[in-house]
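The structure under discussion appears below in the form of structure tokens.
What follows is calculated from the coordinates using simple rules that are stated; it is not laboratory data. It should be emphasised that the depicted structure is a prediction, and the values quoted were computed from it without experimental measurement. Backbone-built Cβ (ideal geometry, glycine too); neighbour counts: all protein chains shown.
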Amino acid sequence: MERKTDFFIDGKWVAPASANDFEVINPANETPFATISLGSEADVNKAVAAAKSAFATWSTTPHDVRVGYVEKLAEIYQERIEEMATAISNEMGAPKNIASTQQAAAGLGHIKAFIRALKAFTFEHPLNEKFQTEYIMHEPIGVCGLITPWNWPMNQVTLKVIPAVGVGCTVVLKPSEIAPMSSLLFAEFMEQAGFPAGVFNLVNGDGPTVGEAMSKHPDIDMMSFTGSTRAGIAVTKSSADTVKRVSLELGGKGPNLVFADTDVAKAVKRGVLHMFNNSGQSCNAPSRMIVEKSVYGEAVEVAKSVAEAQEVGDPTQEGRQIGPVVSQAQFDKIQGLIESGIKEGATLLAGGLGRPDGLNRGYYVKPTVFADVKEDMTIAREEIFGPVLSIMSFEDEADAVRIANDTPYGLTSYVQTGDPERAKRLARQLRAGMVQMNGAGRAPGSPFGGYKQSGNGREGGEYGLIEFLEVKAVSGWPAEAAE
């Protein structure tokens, strides 16, 4: 069994202040495959001190030099991407195809997109043409505490680490203790790329100990957190006493509006498969399919058929199967929510309680679809974070918008319609940080983030850089220097 108990602090792999071994479980077989150590406040203090010391030099390093380090990192990531895919598959159960083409690839894609954004970003400029001596500067905020989740580990690590170090911040990263191996490998990439000591630091640990110590630390200038809304609230509260910036990317309960004027069968199939991708463990999953009444029956039949055809199985095998969910705790939570859907009167179309046939070990969940879901049912309100879809109906466009917005979340909304004008109207009315129309993918560098309890920051591209920058206004800038 692999043993990776050291942390990466001040450019070196160092032992924890106090040994606290923690087994990393492969969710496909429920067997430990690695041991890490959970850190303490002492480890956080050491990492923050290293980051603070490095900030003075790193923040004033020429921009093109910093970008050069990131470009070197991209080369190393590309060379070792299959190692990364294997680590992700082992720690969180993503099948080989998904681990390689989606999970590991997302990290590399973000690094490349940030390189383009960093090269294009203007850090200093006059306020406008009229006021040339009013100068605006964008400066790195300082030491950043980064907390990342287990469901898309490299997607989230790169969305935080790369813009932060790229603009001149230094960082302390706490990855999920459930899926830490990919982040430890990423730390190796950062070391191999030659980033100066203290620019990037990694401390493993749990939220109540390491996450809390980071959030309240007076020498951390910003916390960037991705995870549950409950944990995001805890980070915000712990950060309040030091008035540090807090950027949150939290949960979702994505509505997927299906109108009769679209290709219903195609739209429904696409929506179901999207919901099941990554075993439903995505904050932007389209978990509420809201269908126009005139085509509701057709939608239900298509969804049932697609769910019954969805394979579930061993992540190490080739194929288009979905893998397990990440942990026993997650499996139990999903089972409880499926049970609540049954008890509260939703119609179970496919899936249900227990593991799929033939899978007696591993945290595998049956691809599950409920129809006739009411707005006040638990499965319509709570984020399930598993392969469970709820199908509802609407009367007209206004009713569709009302149901879609009737949630404390506001991350991603989806619209399926053949009417361009309706698409534009809905995009303006849906209370979400992102709206995706008719299966369109998101462009590289497009801002990722939500409204309401889905968070308060944006990640990716230029918007992701701005999260880690302070804005300084300078009056009386010498005119000749502004030209």
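How large is log10 of I(q)/I(0) for segment 110-172 at q = 0.12 Å⁻¹ when the intensity is taken from the Debye formula with one equal scatterer per alpha-carbon?
These q points yield log10 I(q)/I(0) values of -0.41.
I need to check one value: relative contact order of the chain, counting alpha carbon pairs closer than 8 Å and at least 6 residues apart, in percent.
That works out to 19 percent.
Listing Val306, Val167 from the residue with the fewest other Cβ atoms within 10 Å to the one with the most, what is the order?
Ordered from fewest to most neighbouring Cβ atoms within 10 Å, Val306, Val167 come out as Val306, Val167.
Could you sort 77-85, 434-442 so that the peptide with the highest average Cβ count within 10 Å comes first and the rest follow in order?
Put in order of decreasing packing, that is 77-85, 434-442.
Show me the chymotrypsin sites (Phe, Trp or Tyr not before Pro) within segment 89-192 that DSSP assigns to loop and that have at most 13 other Cβ atoms within 10 Å of their Cβ.
The qualifying sites are Phe131.
Stokes-Einstein at 10 °C, 1.306 mPa s, Kirkwood radius from Cα pairs: D for the chain in µm² s⁻¹?
68 µm²/s
Give or take rounding to whole Å, what are the principal axis extents of the alpha carbon atoms in segment 255-437, in descending order?
49, 32, 30
Mind sorting His63, His217 by how few other Cβ atoms lie within 10 Å of their own Cβ, fewest first?
His63, His217
With a/c under 1.5 counting as rounded, go ahead and sort segment 221-297 into rounded, prolate or oblate using the C-alpha gyration tensor (a ≥ b ≥ c being the square roots of the eigenvalues; past the cut-off, prolate if a/b is larger than b/c, else oblate).
prolate
Roughly what angle does helix 296-309 make with the longest principal axis of the chain, taking Cα atoms, 0 to 90 degrees, to the nearest 10?
Helix 296-309 sits at roughly 70 degrees to that axis.
With +1 on the Cβ of every Lys and Arg and -1 on the Cβ of every Asp and Glu, and nothing else charged, how large is the dipole of the chain about its Cα centre, in debye rounded to the nearest 20?
300 debye
Name the GluC sites (Glu not before Pro) in segment 121-230 that are in a loop by DSSP and that have at most 15 other C-beta atoms within 10 Å, would you?
Listed in order of number, the matching sites are Glu129, Glu134.
Find, among the GluC sites (Glu not before Pro) in segment 1-65, those assigned to loop by DSSP (not H, G, I, E, B) with at most 16 other beta-carbon atoms within 10 angstrom.
When the GluC sites (Glu not before Pro) of segment 1-65 are filtered for loop state and at most 16 Cβ neighbours within 10 Å, Glu30 remain.
About the Cα centre of segment 255-437, how large is the charge dipole given +1 on each Lys and Arg Cβ and -1 on each Asp and Glu Cβ? Please answer in debye to the nearest 20.
Dipole size: approximately 400 debye.
Too long at a 26 Å Cα-Cα cut-off: which of Lys160/Lys472; Lys46/Lys244; Lys96/Lys366; Lys72/Lys237?
Lys72/Lys237
Just report the Cα centroid separation between segment 415-483 and segment 279-304, whole Å.
Cα centroid to Cα centroid, the span is 27 Å.
Got a sec? Charge dipole of the chain, +1 on Cβ for Lys and Arg, -1 for Asp and Glu; which of Ala42, Asn29, Phe225 is way out at the positive end?
Most positive-ward Cα: Phe225.
Relative contact order (percent) for segment 249-371, with alpha-carbon contacts under 8 angstrom and 6 or more residues of separation?
23 percent
Of the beta bridges DSSP finds with both residues in segment 255-437, what % are antiparallel, to the nearest 5?
15 percent
Taking the Cα atoms only, what angle lies between the long axis of helix 264-276 and the longest principal axis of the chain, rounded to 10 degrees?
That works out to roughly 50 degrees.
For segment 142-233, give the magnitude of the charge dipole about the Cα centre (Cβ charges: +1 Lys/Arg, -1 Asp/Glu; no others), in debye to the nearest 20.
For this selection, approximately 220 debye.
Compute the helix-to-body angle for 328-343: its Cα long axis versus the longest principal axis of the chain, expressed 0 to 90° and rounded to tens.
Value to nearest ten degrees: 40.
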